[in-house]
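Reading through the structure tokens given below for one structure.
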Amino acid sequence: WDNNTPTAAVNNKTLDVDYVRIWSGTKSGSVPVSTTRLADGTVLFGTDYTPYSGNANPAVTISDGGTGLTLCRDGWTKFPLNYTVTPNTVLEFTVNSAAPGEILAIGLEDDDNNANNKRLFQLAGTQNWTNSWQDYRHYVAQTGPKTYTVPLGTFYTGPMPSLAFANDSDSGAPVYSAYSQVKVHEADLLAVNFTAAEGYANGTLQGQPGAAPAWQLVSGS
């Protein structure tokens, strides 16, 4: 399934199956030719992906009508997705990996060079990739799907022609990652009254909920 040909090393080996899940529903068998972004920000992956930054190609599987993406084997890849990142741009996705390898990362990219600017966010891996953002490096392998919401605009802005993935394993160790529910969109802004009773005064937020989101000064003083 991942383009590897089994050798005699698998002879007389056993495989333990933990569980089998069976479900019903409608599943699309078609794969989009072109990567597109829907009105709500949902990314539909197409077959127009290319190698990223000259690294080896992973085995790419696109499923569920383009909403699901699986990468296995050592390699980096990118999908065309022209989007201008603003201070309010958000990247959402769900990741699942049983074997993240050395680097498991995702991000929007403005060119084909992974070493000139920090663009990708490392989620997991045995290698500390210093040229990636480490703020979300807390995915634990074999724990199931985990959903992330990354405020891209607080890390970088500008035109980004690609959505890139790192699936790195130079050592040859097994590597696997699955992505779903990938979205790129603008976050909703929350209006706040700038008064002493409710808002920002004397260096602190007044009368705001305890689980308030990250605040940004967009106008005024």
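Which residue, of LYS118, LYS183, is in a strand (DSSP E or B), among the basic types (Lys, Arg) and either in contact with a Gly (Cβ under 6 Å, 6 or more places away or on another chain) or open to solvent by 50 Å² or more (accessible area, probe 1.4 Å) (or both)?
LYS183 is the lone residue from the list that is in a strand (DSSP E or B), among the basic types (Lys, Arg) and either in contact with a Gly (Cβ under 6 Å, 6 or more places away or on another chain) or open to solvent by 50 Å² or more (accessible area, probe 1.4 Å) (or both).
I need every pair where a residue in the stretch 160-175 that is basic (Lys, Arg) has its Cβ under 9 Å from the Cβ of a residue that is open to solvent by 10 Å² or more (accessible area, probe 1.4 Å) and modelled with pLDDT under 95, sequence separation at least 6 or different chains.
none
Looking at GLY75, GLY101, GLY66, which one is on the phi > 0 side of the Ramachandran plot, without any contact (Cβ under 8 Å) to a residue 40 or more places away in the chain and not hydroxyl-bearing (Ser, Thr, Tyr)?
After applying the criteria, what remains is GLY66.
Please list, ordered by residue number, the strands (runs of 3 or more DSSP E) wholly in the stretch 19-95 having 1 or more residues that are in contact with a Pro (Cβ under 8 Å, 6 or more places away or on another chain) and either surrounded by fewer than 17 Cβ atoms within 10 Å (Cβ to Cβ) or of a type in the set (S, T, N, Q) (or both).
Strands (runs of 3 or more DSSP E) meeting the threshold: 75-85.
Going by the conditions given, is ASN128 out of contact with any Cys (no Cβ under 6 Å at 6 or more places or on another chain) and without any contact (Cβ under 8 Å) to a residue 40 or more places away in the chain?
yes
For residues in the stretch 147-157 being open to solvent by 10 Å² or more (accessible area, probe 1.4 Å) and touching a Ser or Thr at 6+ places or on another chain (Cβ under 7 Å), which is farthest from PHE93 (Cα to Cα)?
This residue is THR157.
The values are calculated or read from the model by the stated rules, or taken from the named source; none is laboratory data. Keep in mind it's a predicted model, so treat the numbers as computed, not measured. With ideal geometry, Cβ positions are generated from the backbone for all residues, glycine too; neighbour counts draw on all protein chains shown. To get the accessible areas, we keep the full protein, side chains included, count just its heavy atoms, and leave off ligands, DNA and RNA. Shrake-Rupley method; radii C 1.70, N 1.55, O 1.52, S 1.80 Å.
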